[in-house]
Amino acid sequence: MLQISCPWCGPRDELEFRCGGQSHIIRPDPPEAIDDVSWGKYLSEKINPRGEHLERWQHNAGCRRWFNVARDTVTHRIRATYHMTEAAPAFSADGVAP
């Protein structure tokens, strides 16, 4: 079981959280000016990489706040958790934050 560190509540078991999918997705703007194909891609086409992935998570059984997680999809190692308004952390090739 994963231990996820909520930025507000600290480390908790994975069962307290819900994954909301890929993070740092920018909504096309304005929506009324976007054609159906582009809008469909925005809604349904998400990346699913093998390795480093940035995801949105909600602390469902705790503070109920959303935050971002940098997680390796192969090892499930969580490299960072950070607030929704923060930029994604940079990692070196060996996965260590500078």
TODO: Residue by residue through segment 65-98, note down the ones that are among the polar types (S, T, N, Q), closer than 18 Å to L2 by Cα and either at pLDDT below 95 or open to solvent by 60 Å² or more (accessible area, probe 1.4 Å) (or both).
DONE: T73, T75
Task: Top-ranked residue in segment 31-47 [being part of a loop (DSSP other than H, G, I, E, B) and open to solvent by 60 Å² or more (accessible area, probe 1.4 Å); ranked as farthest from A87 (Cα to Cα)] - done: D35
TODO: Sort out which residues of segment 8-29 are modelled with pLDDT under 95 and either open to solvent by 80 Å² or more (accessible area, probe 1.4 Å) or part of a loop (DSSP other than H, G, I, E, B) (or both), and write them in order of number.
DONE: S23, H24, I25, I26, R27, P28, D29
Open item on the list: So, in segment 48-61, how many residues would count as being within 13 Å of P7 (Cβ to Cβ) and either open to solvent by 40 Å² or more (accessible area, probe 1.4 Å) or at pLDDT below 95 (or both)?
Closed with: 1
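The values are calculated or read from the model by the stated rules, or taken from the named source; none is laboratory data. As the structure is a computational prediction, the values presented were derived from the model and not from experiment. Note that we place each Cβ from the backbone using ideal geometry, even for glycine, and neighbour counts take in every protein chain shown. Ligands, DNA and RNA are excluded from the accessible area calculation, which covers all protein heavy atoms including side chains. Shrake-Rupley method; radii C 1.70, N 1.55, O 1.52, S 1.80 Å.
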